[in-house]
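Working notes, beginning with the structure itself.
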Amino acid sequence: MSSSLSSQLTARSEQIHAAIALANPQFVALRHELHQHPELAFAEFRTAGKVADLLRAWGYQVSTGIAGTGVVGTLRRGTGGKSLGLRADMDALPIQEATGLPYASQNAGVMHACGHDGHTAILLAAARFLALEGQFDGTLQLIFQPAEETGSGARRMIEEGLFERFPCDAVFGLHNWPGVSCGHIGCIEGPAMASVDQAHITVHGKGGHGAEPHTTVDPVLVSAHVITALQSIVARNVDPLDMGVLTVGSIHGGHASNVIPDSVELKLTARTFRPEVRSLLQQRVPALVQAQAASFGAVAEVDYRLGFPPVCNHARETAFASAVAHATLGSQRVAADFRPRTASEDFAFMLQARPGSFLFFGNGDTASLHSPRYDFNDEILPVAAAYWAGLAEHYLPVLSAPGYAPALAAPHDRDAQHA
(Lines give C-alpha, C1' and ligand atoms only; values in the text may rest on other atoms or scores of the structure.)
Protein backbone atom coordinates (compact mmCIF):
# COMPACT_ATOMS: atom_id res chain seq x y z
CA MET A 1 0.00 0.00 0.00
CA SER A 2 1.39 3.41 -0.97
CA SER A 3 1.91 6.07 1.69
CA SER A 4 -0.69 8.33 0.01
CA LEU A 5 -3.26 5.53 -0.08
CA SER A 6 -2.50 4.65 3.54
CA SER A 7 -3.02 8.25 4.59
CA GLN A 8 -6.34 8.37 2.68
CA LEU A 9 -7.44 5.21 4.43
CA THR A 10 -6.48 6.57 7.83
CA ALA A 11 -8.23 9.89 7.15
CA ARG A 12 -11.45 8.18 6.10
CA SER A 13 -11.35 5.88 9.12
CA GLU A 14 -10.97 8.90 11.39
CA GLN A 15 -13.93 10.59 9.66
CA ILE A 16 -16.13 7.56 10.22
CA HIS A 17 -15.16 7.19 13.88
CA ALA A 18 -15.65 10.91 14.54
CA ALA A 19 -19.09 11.04 12.92
CA ILE A 20 -20.32 7.94 14.73
CA ALA A 21 -18.88 9.11 18.06
CA LEU A 22 -20.74 12.41 17.67
CA ALA A 23 -24.07 10.59 17.35
CA ASN A 24 -23.21 7.91 19.91
CA PRO A 25 -25.21 9.33 22.87
CA GLN A 26 -28.36 8.92 20.79
CA PHE A 27 -27.66 5.23 20.26
CA VAL A 28 -26.61 4.53 23.84
CA ALA A 29 -29.98 5.99 24.88
CA LEU A 30 -31.68 3.83 22.26
CA ARG A 31 -29.86 0.74 23.54
CA HIS A 32 -31.02 1.48 27.10
CA GLU A 33 -34.59 1.91 25.87
CA LEU A 34 -34.44 -1.45 24.08
CA HIS A 35 -32.99 -3.00 27.23
CA GLN A 36 -35.93 -1.70 29.28
CA HIS A 37 -38.44 -3.25 26.89
CA PRO A 38 -37.11 -6.72 25.97
CA GLU A 39 -39.24 -9.05 23.88
CA LEU A 40 -39.05 -12.80 23.40
CA ALA A 41 -38.67 -14.68 20.11
CA PHE A 42 -41.21 -13.76 17.43
CA ALA A 43 -42.75 -11.19 19.79
CA GLU A 44 -40.32 -8.35 19.00
CA PHE A 45 -43.13 -6.06 17.81
CA ARG A 46 -42.07 -2.93 19.68
CA THR A 47 -38.42 -3.41 18.77
CA ALA A 48 -39.20 -4.10 15.11
CA GLY A 49 -41.43 -1.03 14.96
CA LYS A 50 -38.69 1.18 16.39
CA VAL A 51 -36.14 -0.24 13.92
CA ALA A 52 -38.46 0.24 10.94
CA ASP A 53 -39.34 3.83 11.89
CA LEU A 54 -35.69 4.84 12.23
CA LEU A 55 -34.66 3.23 8.95
CA ARG A 56 -37.49 4.95 7.10
CA ALA A 57 -36.49 8.29 8.62
CA TRP A 58 -32.96 7.83 7.21
CA GLY A 59 -34.20 7.01 3.71
CA TYR A 60 -34.11 3.21 3.66
CA GLN A 61 -36.66 1.15 1.81
CA VAL A 62 -38.12 -0.89 4.68
CA SER A 63 -39.70 -4.33 4.52
CA THR A 64 -41.40 -5.73 7.63
CA GLY A 65 -43.18 -8.91 8.71
CA ILE A 66 -40.45 -11.26 7.46
CA ALA A 67 -40.56 -14.31 9.74
CA GLY A 68 -43.25 -12.46 11.67
CA THR A 69 -41.24 -9.62 13.17
CA GLY A 70 -38.13 -9.45 10.99
CA VAL A 71 -37.14 -6.17 9.31
CA VAL A 72 -34.90 -5.50 6.31
CA GLY A 73 -33.70 -2.03 5.38
CA THR A 74 -32.47 -1.59 1.82
CA LEU A 75 -30.35 1.33 0.64
CA ARG A 76 -29.11 1.62 -2.96
CA ARG A 77 -26.50 4.10 -4.07
CA GLY A 78 -24.67 4.57 -7.35
CA THR A 79 -24.76 2.05 -10.17
CA GLY A 80 -22.83 -0.83 -8.61
CA GLY A 81 -24.33 -4.28 -8.92
CA LYS A 82 -22.92 -5.70 -5.70
CA SER A 83 -24.95 -6.15 -2.53
CA LEU A 84 -23.94 -6.61 1.10
CA GLY A 85 -25.94 -8.03 4.01
CA LEU A 86 -25.34 -7.02 7.63
CA ARG A 87 -27.37 -8.77 10.31
CA ALA A 88 -28.38 -7.98 13.90
CA ASP A 89 -30.59 -10.05 16.22
CA MET A 90 -33.39 -8.48 18.28
CA ASP A 91 -34.85 -11.01 20.73
CA ALA A 92 -34.37 -11.35 24.48
CA LEU A 93 -34.35 -14.28 26.93
CA PRO A 94 -36.82 -15.61 29.54
CA ILE A 95 -34.60 -14.51 32.44
CA GLN A 96 -35.40 -12.30 35.44
CA GLU A 97 -32.89 -9.45 35.40
CA ALA A 98 -30.70 -8.95 38.51
CA THR A 99 -28.45 -6.07 37.44
CA GLY A 100 -30.15 -3.30 39.43
CA LEU A 101 -29.48 -0.89 36.56
CA PRO A 102 -31.61 2.24 36.20
CA TYR A 103 -32.61 0.99 32.73
CA ALA A 104 -33.25 -2.60 33.83
CA SER A 105 -35.98 -4.61 32.16
CA GLN A 106 -39.53 -3.47 32.87
CA ASN A 107 -40.91 -6.79 31.60
CA ALA A 108 -40.93 -9.33 34.42
CA GLY A 109 -39.09 -12.52 33.56
CA VAL A 110 -37.72 -11.18 30.26
CA MET A 111 -34.23 -9.74 29.82
CA HIS A 112 -31.67 -8.80 27.20
CA ALA A 113 -29.11 -11.14 28.74
CA CYS A 114 -27.20 -11.76 25.52
CA GLY A 115 -26.68 -8.23 24.20
CA HIS A 116 -29.08 -8.27 21.28
CA ASP A 117 -30.17 -4.79 22.34
CA GLY A 118 -26.54 -3.75 21.74
CA HIS A 119 -26.31 -5.56 18.41
CA THR A 120 -29.46 -3.80 17.19
CA ALA A 121 -28.18 -0.40 18.33
CA ILE A 122 -24.81 -1.02 16.66
CA LEU A 123 -26.35 -1.76 13.28
CA LEU A 124 -28.72 1.19 13.57
CA ALA A 125 -25.81 3.52 14.36
CA ALA A 126 -23.99 2.24 11.28
CA ALA A 127 -27.22 2.52 9.25
CA ARG A 128 -27.59 6.20 10.09
CA PHE A 129 -23.99 7.00 9.17
CA LEU A 130 -24.17 5.07 5.89
CA ALA A 131 -27.42 6.79 4.93
CA LEU A 132 -26.24 10.30 5.73
CA GLU A 133 -22.50 10.17 5.04
CA GLY A 134 -21.64 6.77 3.57
CA GLN A 135 -19.47 6.55 0.47
CA PHE A 136 -20.44 3.33 -1.26
CA ASP A 137 -21.62 2.07 -4.61
CA GLY A 138 -24.10 -0.79 -4.55
CA THR A 139 -26.85 -2.09 -2.29
CA LEU A 140 -26.97 -2.43 1.47
CA GLN A 141 -29.32 -5.00 3.00
CA LEU A 142 -29.58 -4.47 6.75
CA ILE A 143 -31.21 -7.54 8.32
CA PHE A 144 -32.83 -7.27 11.76
CA GLN A 145 -33.63 -10.84 12.73
CA PRO A 146 -36.09 -12.19 15.30
CA ALA A 147 -35.78 -15.36 17.38
CA GLU A 148 -32.07 -16.06 17.41
CA GLU A 149 -32.27 -17.55 20.90
CA THR A 150 -34.67 -20.26 19.76
CA GLY A 151 -32.57 -21.09 16.73
CA SER A 152 -35.50 -20.55 14.39
CA GLY A 153 -35.40 -16.90 13.30
CA ALA A 154 -32.69 -17.09 10.65
CA ARG A 155 -34.02 -20.32 9.19
CA ARG A 156 -37.55 -18.94 8.94
CA MET A 157 -36.36 -15.71 7.27
CA ILE A 158 -34.45 -17.78 4.71
CA GLU A 159 -37.45 -20.08 4.14
CA GLU A 160 -39.58 -16.98 3.51
CA GLY A 161 -37.24 -15.91 0.72
CA LEU A 162 -34.82 -13.58 2.52
CA PHE A 163 -31.98 -13.84 0.02
CA GLU A 164 -34.26 -14.05 -3.02
CA ARG A 165 -36.11 -10.88 -2.02
CA PHE A 166 -33.01 -9.11 -0.72
CA PRO A 167 -29.99 -10.45 -2.65
CA CYS A 168 -26.67 -10.46 -0.82
CA ASP A 169 -23.32 -11.35 -2.37
CA ALA A 170 -22.06 -11.82 1.18
CA VAL A 171 -23.53 -11.55 4.68
CA PHE A 172 -21.83 -10.65 7.95
CA GLY A 173 -22.92 -10.72 11.59
CA LEU A 174 -21.35 -10.05 14.97
CA HIS A 175 -21.73 -10.91 18.64
CA ASN A 176 -20.35 -9.31 21.76
CA TRP A 177 -18.23 -11.59 23.95
CA PRO A 178 -17.54 -11.19 27.67
CA GLY A 179 -14.01 -11.91 28.84
CA VAL A 180 -12.42 -10.43 25.71
CA SER A 181 -10.91 -6.94 25.89
CA CYS A 182 -13.55 -4.30 25.27
CA GLY A 183 -13.88 -3.35 21.60
CA HIS A 184 -11.35 -5.90 20.37
CA ILE A 185 -12.50 -7.95 17.40
CA GLY A 186 -12.05 -11.68 16.83
CA CYS A 187 -12.08 -13.17 13.32
CA ILE A 188 -12.09 -16.95 12.86
CA GLU A 189 -11.85 -18.83 9.57
CA GLY A 190 -13.82 -22.09 9.40
CA PRO A 191 -15.80 -23.39 12.40
CA ALA A 192 -16.32 -20.45 14.77
CA MET A 193 -19.23 -21.68 16.89
CA ALA A 194 -20.61 -25.15 17.58
CA SER A 195 -23.70 -26.91 16.34
CA VAL A 196 -26.35 -27.60 18.97
CA ASP A 197 -28.73 -30.55 19.08
CA GLN A 198 -31.02 -31.75 21.85
CA ALA A 199 -32.17 -35.10 23.17
CA HIS A 200 -35.12 -35.75 25.45
CA ILE A 201 -34.62 -39.12 27.18
CA THR A 202 -37.24 -41.01 29.13
CA VAL A 203 -36.09 -44.03 31.13
CA HIS A 204 -38.99 -46.39 31.91
CA GLY A 205 -38.51 -48.77 34.80
CA LYS A 206 -40.78 -50.28 37.45
CA GLY A 207 -41.53 -48.24 40.52
CA GLY A 208 -42.03 -49.42 44.06
CA HIS A 209 -41.21 -48.97 47.71
CA GLY A 210 -37.73 -47.69 48.53
CA ALA A 211 -37.45 -50.41 51.18
CA GLU A 212 -37.87 -53.15 48.56
CA PRO A 213 -35.66 -52.11 45.63
CA HIS A 214 -35.27 -55.73 44.54
CA THR A 215 -38.89 -55.73 43.38
CA THR A 216 -38.33 -52.72 41.13
CA VAL A 217 -36.40 -51.63 38.06
CA ASP A 218 -35.02 -48.38 39.41
CA PRO A 219 -34.96 -45.73 36.64
CA VAL A 220 -33.05 -43.34 38.91
CA LEU A 221 -30.15 -45.80 39.17
CA VAL A 222 -30.36 -46.46 35.43
CA SER A 223 -30.28 -42.73 34.68
CA ALA A 224 -27.19 -42.27 36.84
CA HIS A 225 -25.38 -44.94 34.83
CA VAL A 226 -26.66 -43.44 31.57
CA ILE A 227 -25.25 -40.02 32.45
CA THR A 228 -21.88 -41.52 33.33
CA ALA A 229 -21.80 -43.71 30.22
CA LEU A 230 -22.64 -40.79 27.94
CA GLN A 231 -19.29 -39.21 28.75
CA SER A 232 -17.55 -42.19 27.18
CA ILE A 233 -18.83 -41.16 23.74
CA VAL A 234 -16.60 -38.10 23.53
CA ALA A 235 -13.80 -39.77 25.47
CA ARG A 236 -13.70 -42.96 23.40
CA ASN A 237 -15.56 -42.38 20.11
CA VAL A 238 -14.56 -38.86 19.08
CA ASP A 239 -11.09 -38.20 17.66
CA PRO A 240 -9.12 -36.35 20.38
CA LEU A 241 -8.21 -33.71 17.77
CA ASP A 242 -11.91 -32.95 17.25
CA MET A 243 -14.43 -31.40 19.63
CA GLY A 244 -17.63 -32.77 21.10
CA VAL A 245 -19.58 -31.73 24.18
CA LEU A 246 -22.43 -33.71 25.74
CA THR A 247 -24.21 -32.01 28.63
CA VAL A 248 -27.12 -33.42 30.63
CA GLY A 249 -28.65 -30.25 32.01
CA SER A 250 -31.89 -31.61 33.42
CA ILE A 251 -32.95 -34.78 35.27
CA HIS A 252 -36.36 -35.26 36.86
CA GLY A 253 -37.90 -38.29 38.50
CA GLY A 254 -39.85 -39.10 41.64
CA HIS A 255 -41.16 -36.97 44.47
CA ALA A 256 -40.37 -38.77 47.70
CA SER A 257 -37.17 -40.16 49.19
CA ASN A 258 -38.71 -43.54 49.94
CA VAL A 259 -40.50 -44.13 46.63
CA ILE A 260 -38.82 -45.42 43.48
CA PRO A 261 -40.58 -43.82 40.48
CA ASP A 262 -41.71 -45.53 37.31
CA SER A 263 -39.73 -43.22 35.04
CA VAL A 264 -37.09 -40.51 34.89
CA GLU A 265 -36.67 -37.79 32.27
CA LEU A 266 -33.33 -36.34 31.15
CA LYS A 267 -32.56 -33.48 28.77
CA LEU A 268 -29.27 -33.30 26.92
CA THR A 269 -27.48 -31.00 24.50
CA ALA A 270 -24.81 -32.07 22.02
CA ARG A 271 -22.32 -29.68 20.43
CA THR A 272 -19.68 -30.18 17.75
CA PHE A 273 -17.72 -28.24 15.13
CA ARG A 274 -17.66 -30.87 12.37
CA PRO A 275 -20.59 -32.53 10.55
CA GLU A 276 -18.97 -35.95 10.91
CA VAL A 277 -18.79 -35.64 14.68
CA ARG A 278 -22.32 -34.29 14.80
CA SER A 279 -23.55 -37.36 12.90
CA LEU A 280 -21.57 -39.65 15.20
CA LEU A 281 -23.20 -38.20 18.32
CA GLN A 282 -26.62 -38.42 16.70
CA GLN A 283 -26.07 -42.16 16.23
CA ARG A 284 -24.19 -43.02 19.42
CA VAL A 285 -26.31 -41.19 22.00
CA PRO A 286 -29.55 -43.15 21.37
CA ALA A 287 -27.70 -46.43 20.90
CA LEU A 288 -25.74 -46.11 24.14
CA VAL A 289 -28.70 -44.85 26.20
CA GLN A 290 -30.96 -47.67 25.05
CA ALA A 291 -28.30 -50.34 25.55
CA GLN A 292 -27.42 -49.04 29.01
CA ALA A 293 -31.07 -49.04 30.03
CA ALA A 294 -31.59 -52.55 28.67
CA SER A 295 -28.66 -53.85 30.71
CA PHE A 296 -30.69 -52.99 33.87
CA GLY A 297 -33.96 -54.34 32.50
CA ALA A 298 -35.31 -50.86 31.75
CA VAL A 299 -36.44 -49.27 28.49
CA ALA A 300 -35.31 -45.88 27.22
CA GLU A 301 -37.01 -43.63 24.70
CA VAL A 302 -34.75 -41.08 22.98
CA ASP A 303 -36.17 -38.11 21.07
CA TYR A 304 -33.05 -36.70 19.36
CA ARG A 305 -33.65 -33.43 17.53
CA LEU A 306 -31.20 -31.57 15.33
CA GLY A 307 -30.96 -27.89 16.19
CA PHE A 308 -28.71 -25.71 14.10
CA PRO A 309 -25.37 -26.40 12.48
CA PRO A 310 -21.96 -25.00 13.39
CA VAL A 311 -21.13 -21.45 12.36
CA CYS A 312 -18.59 -22.00 9.58
CA ASN A 313 -16.98 -18.80 8.35
CA HIS A 314 -15.93 -18.65 4.71
CA ALA A 315 -12.20 -18.20 4.18
CA ARG A 316 -12.22 -15.26 1.75
CA GLU A 317 -14.91 -13.30 3.56
CA THR A 318 -13.16 -13.84 6.90
CA ALA A 319 -9.84 -12.70 5.47
CA PHE A 320 -11.61 -9.64 4.11
CA ALA A 321 -13.29 -8.92 7.45
CA SER A 322 -9.96 -9.25 9.23
CA ALA A 323 -8.25 -6.91 6.76
CA VAL A 324 -11.02 -4.34 7.27
CA ALA A 325 -10.54 -4.62 11.04
CA HIS A 326 -6.81 -3.94 10.75
CA ALA A 327 -7.47 -1.00 8.41
CA THR A 328 -10.39 0.64 10.23
CA LEU A 329 -9.89 -0.27 13.89
CA GLY A 330 -6.12 -0.66 14.02
CA SER A 331 -4.15 -3.87 14.49
CA GLN A 332 -4.07 -3.30 18.25
CA ARG A 333 -7.82 -4.00 18.36
CA VAL A 334 -7.62 -7.28 16.41
CA ALA A 335 -7.49 -10.12 18.95
CA ALA A 336 -4.61 -12.44 18.11
CA ASP A 337 -5.31 -16.20 18.03
CA PHE A 338 -9.02 -15.76 18.78
CA ARG A 339 -10.37 -19.28 19.33
CA PRO A 340 -13.72 -20.82 18.31
CA ARG A 341 -16.56 -20.74 20.84
CA THR A 342 -18.59 -23.82 21.80
CA ALA A 343 -21.80 -21.81 22.17
CA SER A 344 -24.14 -21.78 19.17
CA GLU A 345 -25.72 -19.25 16.81
CA ASP A 346 -28.41 -19.54 14.17
CA PHE A 347 -26.44 -17.23 11.89
CA ALA A 348 -25.07 -20.63 10.82
CA PHE A 349 -28.07 -20.98 8.50
CA MET A 350 -27.26 -17.69 6.76
CA LEU A 351 -23.68 -18.85 6.21
CA GLN A 352 -25.01 -22.05 4.63
CA ALA A 353 -27.06 -19.93 2.23
CA ARG A 354 -24.49 -17.22 1.45
CA PRO A 355 -20.75 -16.65 1.87
CA GLY A 356 -19.81 -14.50 4.81
CA SER A 357 -18.36 -14.39 8.30
CA PHE A 358 -19.51 -14.09 11.91
CA LEU A 359 -17.35 -11.83 14.07
CA PHE A 360 -16.85 -11.26 17.80
CA PHE A 361 -16.43 -8.00 19.72
CA GLY A 362 -15.01 -8.11 23.24
CA ASN A 363 -17.45 -7.01 25.95
CA GLY A 364 -14.72 -6.61 28.56
CA ASP A 365 -14.74 -8.07 32.07
CA THR A 366 -18.49 -8.47 32.46
CA ALA A 367 -20.93 -11.14 33.57
CA SER A 368 -21.29 -14.01 31.14
CA LEU A 369 -23.90 -14.23 28.41
CA HIS A 370 -27.29 -15.49 29.63
CA SER A 371 -26.51 -14.41 33.19
CA PRO A 372 -29.18 -12.37 35.06
CA ARG A 373 -26.32 -9.96 35.90
CA TYR A 374 -25.12 -9.49 32.31
CA ASP A 375 -25.20 -6.10 30.60
CA PHE A 376 -23.96 -5.08 27.17
CA ASN A 377 -20.93 -2.78 27.37
CA ASP A 378 -21.86 0.55 25.75
CA GLU A 379 -18.19 1.27 24.99
CA ILE A 380 -18.38 -1.29 22.19
CA LEU A 381 -21.20 0.50 20.40
CA PRO A 382 -19.34 3.22 18.47
CA VAL A 383 -16.36 0.95 17.75
CA ALA A 384 -18.48 -1.82 16.25
CA ALA A 385 -20.71 0.65 14.37
CA ALA A 386 -17.63 2.27 12.81
CA TYR A 387 -16.43 -1.20 11.84
CA TRP A 388 -19.73 -2.00 10.08
CA ALA A 389 -19.54 1.32 8.23
CA GLY A 390 -15.95 0.69 7.19
CA LEU A 391 -16.72 -2.85 6.06
CA ALA A 392 -19.63 -1.60 3.95
CA GLU A 393 -17.52 1.08 2.27
CA HIS A 394 -14.73 -1.39 1.55
CA TYR A 395 -17.09 -4.05 0.22
CA LEU A 396 -19.02 -1.55 -1.95
CA PRO A 397 -16.25 0.92 -2.83
CA VAL A 398 -16.68 4.22 -4.64
CA LEU A 399 -13.35 4.67 -6.37
CA SER A 400 -14.26 8.21 -7.37
CA ALA A 401 -15.22 9.39 -3.88
CA PRO A 402 -13.27 12.57 -3.16
CA GLY A 403 -10.22 11.99 -1.01
CA TYR A 404 -10.91 8.30 -0.52
CA ALA A 405 -9.75 5.20 -2.37
CA PRO A 406 -10.50 1.88 -0.60
CA ALA A 407 -7.38 -0.26 -0.38
CA LEU A 408 -9.09 -3.60 0.12
CA ALA A 409 -10.61 -5.77 -2.56
CA ALA A 410 -13.79 -7.53 -1.47
CA PRO A 411 -13.99 -11.29 -2.16
CA HIS A 412 -16.22 -10.67 -5.18
CA ASP A 413 -13.56 -8.38 -6.67
CA ARG A 414 -10.81 -10.91 -6.14
CA ASP A 415 -12.86 -13.60 -7.84
CA ALA A 416 -13.27 -11.34 -10.87
CA GLN A 417 -9.57 -10.58 -10.95
CA HIS A 418 -8.67 -14.27 -11.05
CA ALA A 419 -11.45 -15.41 -13.38
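Within the range 28-49, can one find any residue that is among the basic types (Lys, Arg), surrounded by fewer than 19 Cβ atoms within 10 Å (Cβ to Cβ) and on the phi < 0 side of the Ramachandran plot? Within the range 28-49, one or more residues are among the basic types (Lys, Arg), surrounded by fewer than 19 Cβ atoms within 10 Å (Cβ to Cβ) and on the phi < 0 side of the Ramachandran plot. The residues listed here are VAL285, VAL259, VAL238, VAL302; of these, the one that is under 12 Å from VAL203 (Cα atoms) and of a type in the set (A, V, I, L, M, F, W, C) is VAL302. Scanning the range 328-348 for residues that are open to solvent by 30 Å² or more (accessible area, probe 1.4 Å) and touching a helix residue (DSSP H, G or I) at 6+ places or on another chain (Cβ under 6 Å) yields a total of 0.
For every residue, the table says whether it meets (1) open to solvent by less than 50 Å² (accessible area, probe 1.4 Å); (2) out of contact with any Pro (no Cβ under 7 Å at 6 or more places or on another chain); (3) hydroxyl-bearing (Ser, Thr, Tyr); (4) assigned to a loop (DSSP other than H, G, I, E, B).
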| site | (1), (2), (3), (4) |
| --- | --- |
| GLY254 | yes, no, no, yes |
| GLU265 | no, yes, no, no |
| VAL277 | yes, yes, no, no |
| LEU281 | yes, yes, no, no |
| PRO286 | yes, yes, no, no |
| VAL289 | yes, yes, no, no |
| ALA293 | yes, yes, no, no |
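The single condition from (1) under 18 Å from ALA325 (Cβ atoms); (2) of a type in the set (Gly, Ala, Ser); (3) outside any helix (DSSP H, G or I) that SER105 fails is (1). A count restricted to the range 211-231 and to residues that are surrounded by fewer than 18 Cβ atoms within 10 Å (Cβ to Cβ) and of a type in the set (S, T, N, Q) stands at 3. Of all residues in the range 350-364, those that are touching a Gly at 6+ places or on another chain (Cβ under 9 Å) and either open to solvent by 40 Å² or more (accessible area, probe 1.4 Å) or more than 29 Å from ARG12 (Cβ to Cβ) (or both) total 1.
Considering each of GLY208, GLY244 in turn, give the residue that is open to solvent by less than 30 Å² (accessible area, probe 1.4 Å), in contact with a helix residue (DSSP H, G or I) (Cβ under 6 Å, 6 or more places away or on another chain) and closer than 30 Å to PHE349 by Cα.
GLY244
Restricting ALA384, ALA410 to residues that are modelled with pLDDT under 95 and crowded, with 21+ Cβ neighbours inside 10 Å narrows the list to ALA410.
Tell me whether the range 82-90 contains one or more residues that are under 24 Å from TYR387 (Cβ atoms), outside any strand (DSSP E or B) and at pLDDT 95 or above.
yes
Please find, within the range 320-353, the residue that is farthest from ALA389 (Cα to Cα) out of those that are part of a loop (DSSP other than H, G, I, E, B) and without any contact (Cβ under 8 Å) to a residue 60 or more places away in the chain. Filtering the range 320-353 for residues that are part of a loop (DSSP other than H, G, I, E, B) and without any contact (Cβ under 8 Å) to a residue 60 or more places away in the chain, the one farthest from ALA389 (Cα to Cα) comes out as ASP337.
For beta carbons closer than 8 Å, sequence separation of 6+ or different chains, a first residue in the range 354-367 that is over 15 Å from CYS182 (Cβ atoms) and a second that is modelled with pLDDT under 95 and not β-branched (Val, Ile, Thr), the qualifying pairs are PRO355/PRO411.
The values are calculated or read from the model by the stated rules, or taken from the named source; none is laboratory data. Given the structure is predicted, the values throughout are model-derived calculations rather than measurements. Ideal geometry is used to build each Cβ from the backbone, glycine not excepted, and the neighbour counts take in all protein chains shown. The protein model used for the area step is the full one, side chains on, heavy atoms only, and it has no ligands, DNA or RNA in it. Shrake-Rupley method; radii C 1.70, N 1.55, O 1.52, S 1.80 Å.
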